[in-house]
Amino acid sequence: MKKILLITMLVVFIPFFMVNLLIKTDEIKFHYVSNRVIRVKDVSKNSVYEVPFEEYIKGVLAGEMPAEFDLEALKAQAVAARSYALVQALKNKDNDYDVVNTTTNQVYMTDDQLKEKWQEDYVSKINKIKKAVTETRGEYLTYNNDIVEALFFSTSIGVTENSEEVFSSKVPYLRSVSSTWDKESPVFEDTSTFNLTDFYKNLGLPYNEKLTYEILEKTSTGRVKTIKINNVEFKGRDFATKLKLRSNYFDINLDGNNITFMTKGYGHGVGMSQYGALGMAKEGYTYDKILKHYYQGTEIKKI
């Protein structure tokens, strides 16, 4: 009788425990195999602290790309972030920090910040982020054996930019490529309207009832490269930054005392488009194919 009872309990309870074991969601823990660290400067606290390198990539991935994105897009972002961080570390080897934790370099978020941001979704989201990091662990991009400065941004205008048309130098792997997937981005188009008082104030110009503007130069894709406002010249990117426009691809409409900008895209437009990467992932492209599309002629290597 006791034997029958024991067998019955095992039949009932073993599946119960197995199911609970399977459906329980625990946070994935990183196991470090090296002492490689990166020195991060917290701009708000003006302090520098060391972070294990892959832990830093996790915090950048969580800070720079929505966890809801497809895994292959997240993996592409992880490799790009790792490449960018390695370049910054080389550039800053004689300084007291390697990177800052803001958009000046890459947004880095700590676990405490992510727990506050994600609340009850923290474990599921951080596990997805960690999966993207661990599945690309140590991987970075090279061009002719040099580490790639893998610039990235949110949303293109349907095509990315040549580096020299936005920044100062021509970089062979930062070429203009098609990115039609971006049209599905929720920030593909935007409108910003200013009254003349605020418009002049943001640009640091004296108020003038008469507003004149002239677009002097555009990039090959149509972004404003140089614009003149009341005979004062501005670089397109500086102009967009001062007005907090999402990009320097815009049309202008004057209506009485108001000036409206209709923009396309979000960000500088050079390198990998994050929403383009998402679109490619949804179409079945793997992370390596995504990276090689946006960073022409590059190879993936491992630390």
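The values are calculated or read from the model by the stated rules, or taken from the named source; none is laboratory data. Since the structure is predicted, the reported quantities are computational estimates derived from the model, not experimental observations. Here the Cβ is made from the backbone with ideal geometry for all residues, glycine too, and neighbour counts use every protein chain on show.
Here is a yes/no grid of residues against (1) surrounded by 18 or more Cβ atoms within 10 Å (Cβ to Cβ); (2) at pLDDT 95 or above; (3) not in a loop (DSSP other than H, G, I, E, B):
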site: LEU5; (1), (2), (3): no, no, yes
site: THR8; (1), (2), (3): no, no, yes
site: VAL40; (1), (2), (3): yes, yes, yes
site: LEU61; (1), (2), (3): yes, yes, yes
site: GLU68; (1), (2), (3): no, yes, no
site: ALA78; (1), (2), (3): yes, yes, yes
site: SER83; (1), (2), (3): yes, yes, yes
site: TYR97; (1), (2), (3): yes, yes, no
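Please enumerate the residues belonging to the stretch 232-257 that are at pLDDT 95 or above and among the polar types (S, T, N, Q).
Within the stretch 232-257, THR241, SER247, ASN248, ASN253 meet the criteria.
Condition check ((1) of a type outside the set (Asp, Glu); (2) surrounded by fewer than 18 Cβ atoms within 10 Å (Cβ to Cβ); (3) part of a helix (DSSP H, G or I); (4) modelled with pLDDT of 95 or more) across all residues:
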position	(1), (2), (3), (4)
THR104	yes, yes, no, no
LYS115	yes, yes, yes, yes
GLU120	no, yes, yes, yes
VAL123	yes, yes, yes, yes
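Just checking, which of LEU254, LEU291, LEU278 is hydrophobic (A, V, I, L, M, F, W, C) and surrounded by fewer than 19 Cβ atoms within 10 Å (Cβ to Cβ)?
Details: LEU291 fails: surrounded by fewer than 19 Cβ atoms within 10 Å (Cβ to Cβ); LEU278 fails: surrounded by fewer than 19 Cβ atoms within 10 Å (Cβ to Cβ).
Answer to the check: LEU254.
Just one of PHE199, PHE188, PHE152, PHE234 is over 30 Å from PHE69 (Cα atoms), of a type in the set (Phe, Trp, Tyr) and touching a residue at least 60 places away in the same chain (Cβ under 8 Å); which is it?
PHE199
Take GLY284 and tell me if it is at positive phi and either in contact (Cβ under 8 Å) with a residue 12 or more places away in the chain or not in a loop (DSSP other than H, G, I, E, B) (or both).
Judged against the criteria, GLY284 is not a match.
How do the pairs read when you match residues in the stretch 98-116 that are touching a residue at least 60 places away in the same chain (Cβ under 8 Å) with residues anywhere that are acidic (Asp, Glu), using Cβ under 9 Å and keeping only pairs 6 or more apart or on different chains?
Sorted first by the residue in the stretch 98-116, then by its partner, the pairs are VAL100/ASP42; ASN101/ASP42; TYR108/ASP42; TYR108/GLU64.
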